[in-house]
Amino acid sequence: MREYLLAMTVALAVTLLLGGPIRALAVRLGLVPEIRDRDVHETPTPRVGGLAMFGGLAAALTVAGHFPMLERNVYGTTDTVQALLWGALLVVVLGVVDDKFELDPLTKFAGQIFAASVMVVKGIQISWLVVPGIGIVAVDPTLSIVLSVLLVLVLMNAVNFVDGMDGLAAGITCIAGLASFAYCYRLAISYKLTGATAPALIAIITVGVCLGFLAHNWDPARVFMGDTGSMLLGMLLAATSITVMGGIDPYQLGEEVQQVVNQTTTVHKLVPAYLPLIMPVSVTLLPIADMVMAVVRRTKAGMSPLAADKGHLHHRMLQIGHSKRRAVLIMYFWAALVAFVTLLFAVTPSRQPVVYLAIAMTLVGLLMLLGPRLGDHRERLREKARLRRGGSASAARHSHRHRARGESPAPATAATATATEAATIPAIAKSTENTDGSVRHRTLSG
C-alpha cells in the first residue's frame, strides 16, 4: 500500500504543479478558444490542461519503477507501462491538435483508433472472457485486439462526452479509479494475484492525476482538460480494465470459478469471474449512459453521432434548475453509488445488506435530483402565505386608521370591493342631502 500511495502522491503533486505553467503557456500560444453554444462557462478558458495530467502520469510511472514490489511485479514481468505511455503520448498529441484546430469527427475518431491500436498491440490486451452457459473462454489474438481497441474507444469517448462542466470528468474518473483500485488491491492481497498489481497501479495513478487537476478545474475553473485530458482519462480507465482481464488467471478468483468445468454451470456461480468485466462498466456507467443517449439522440435527429449538442446529462440538470456545483456533486453521488455498490457486492459475503443500502441511497439520489422542483413548490407555498399575511395586515391597518378617525372601515382592497359589488349589485344606490338637511328620495342609477 505504501508504494501505491507514493505513486499517487507523485502523480498528484506533478499534475498540481504543472497546472499553472500549462495554463500560462496556453494563454501565450493563443490556445484559448472562444465560448461555444454548448458550453456552460462564460469566460474563455484554456483547454489543454491534459498536458499537466500527462506530466503527472509519466512522472508517477517513472518513479514507481524504482519501488521494489512494483518493479518486481509490474516492470520486470510485463510491458504494460511502456504500452500505456506510448498510447497516452499519442492520444495527448491528438488531443492538443483537436483542442487547437477543432478536428472533424471522422479525423478525430481515426486518430483515436490509431492511438488505441498502438497501446493494444504493444501489450495491453484482453486474454479471456466469461460466456454465460459456457464459462471462461480464451480469446484468440485477432479478436483480442479488436475487443481491446473497442473498449478503449468506448471509454475515451464516454469520458469525452461527459466533460462539459467544471470538475465533472475529473471527479467521476477519480471515483472510478478509486473503486477500480480497491477491487484490484483486493485481488492482489486476498487472492495473491500478482497480475492485479499493474491495474491497481494504473488506477491509483489515475486517482492522483485527477485530484491534482481538480485543484485547477473546480468551479470556477482556471483551465480545462480539453480533449487532451478527457481522452487520456478514458484510456487510463480502459487500460485498467483490460489489464485486469489480461493479466490475471480467472480460475484463481474463487472456488466457484475453479469448479467451472462444463457448460451446465449456472451463471450465478460465475459472479467472481464476471466482476473483472462488470467493474469497468459499473465505474463508468454514468459516462457510458450519457454517451449512448447522445448517440441515439443525435442519430434520431439526423446528426452525426460524434457531433456536439446541448442534450447531455449535465445540460439537463442545469435546465431542471440545479446550480453548476450542485449538478456536479449529484453526478459524483450517482457515479459513486453505482461503483461502490458493485464493489461491496463483490467483497461482502452477505449481499442482502448491500441491496438495502443501494435502495436507500437510490432514494436519497432521487430526492437530490428533485431538489429544485421541490424548492420551487415550497417557494410557491411561501409566496401564497406571504400574500395572505400581507393582505390581512393591510386590512387590519386600514381598519385601525378608519376607527381612529371615527369612520367605518373600508374593504380590504379596492379591487376586491369593486369586484364584490359588481358581482352582487347591478347598480349602486346613491343618496344625497338637500341644502336644508332633508334627505332626498333614494334612486337607482343605471
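The values are calculated or read from the model by the stated rules, or taken from the named source; none is laboratory data. A quick note: this is a predicted structure, and the numbers were derived from the prediction, not measured. Every residue, glycine as well, gets a Cβ built from its backbone with ideal geometry; the counts of neighbours run over all protein chains shown.
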> Is one or more of the residues making up the range 63-74 under 22 Å from residue 116 (Cβ atoms) and either out of contact with any helix residue (DSSP H, G or I) (no Cβ under 8 Å at 6 or more places or on another chain) or of a type in the set (Val, Ile, Thr) (or both)?
Replying inline: yes
>> The conditions are (1) assigned to a helix (DSSP H, G or I); (2) charged (D, E, K, R); (3) at pLDDT below 75, and residue 310 fails exactly one of them. Which is it?
In response: (1)
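Just need a number here: residues in the range 214-224 that are out of contact with any Leu (no Cβ under 7 Å at 6 or more places or on another chain), of a type in the set (A, V, I, L, M) and within 15 Å of residue 12 (Cβ to Cβ). Walk me through how you get there before you give the answer.
Going residue by residue through the range 214-224, those that are out of contact with any Leu (no Cβ under 7 Å at 6 or more places or on another chain) are 214, 216-224.
Those left that are additionally of a type in the set (A, V, I, L, M): 214, 221, 223.
Okay, now just the ones that are also within 15 Å of residue 12 (Cβ to Cβ), so 214.
Result for the range 214-224: 1.
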> Do we have any residue at all in the range 27-39 that's modelled with pLDDT of 95 or more and among the small types (Gly, Ala, Ser)?
Replying inline: no
> Of (1) in a loop (DSSP other than H, G, I, E, B); (2) surrounded by fewer than 24 Cβ atoms within 10 Å (Cβ to Cβ), residue 215 satisfies all except one. Which?
Replying inline: (1)
> Looking at residue 127, is it in contact with a Gly (Cβ under 7 Å, 6 or more places away or on another chain) and farther than 26 Å from residue 170 by Cα?
Replying inline: yes
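Rundown of residues vs (1) among the polar types (S, T, N, Q); (2) under 15 Å from residue 232 (Cα atoms); (3) at pLDDT below 90; (4) in contact with a strand residue (DSSP E or B) (Cβ under 7 Å, 6 or more places away or on another chain), yes/no style:
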{"residue": "177", "(1), (2), (3), (4)": "no, yes, no, no"}
{"residue": "181", "(1), (2), (3), (4)": "no, no, no, no"}
{"residue": "196", "(1), (2), (3), (4)": "no, no, yes, no"}
{"residue": "203", "(1), (2), (3), (4)": "no, yes, no, no"}
{"residue": "213", "(1), (2), (3), (4)": "no, yes, no, no"}
{"residue": "217", "(1), (2), (3), (4)": "yes, no, no, no"}
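Conditions (1) within 23 Å of residue 326 (Cβ to Cβ); (2) within 17 Å of the chain's Cα centre (by Cα); (3) of a type in the set (D, E, K, R), marked per residue:
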site	(1), (2), (3)
167	yes, yes, no
171	yes, yes, no
174	yes, yes, no
177	no, yes, no
182	no, no, no
194	no, no, no
203	no, no, no
207	no, yes, no
>> Give all pairs with beta carbons closer than 7 Å in which a residue from the range 230-257 that is over 22 Å from residue 95 (Cα atoms) and at pLDDT 95 or above meets a residue that is of a type outside the set (Asp, Glu) and part of a helix (DSSP H, G or I); count only pairs at least 6 apart in sequence or on separate chains.
In response: none
> Of the residues in the range 44-62, how many are surrounded by 18 or more Cβ atoms within 10 Å (Cβ to Cβ) and either β-branched (Val, Ile, Thr) or without any contact (Cβ under 8 Å) to a residue 12 or more places away in the chain (or both)?
Replying inline: 2
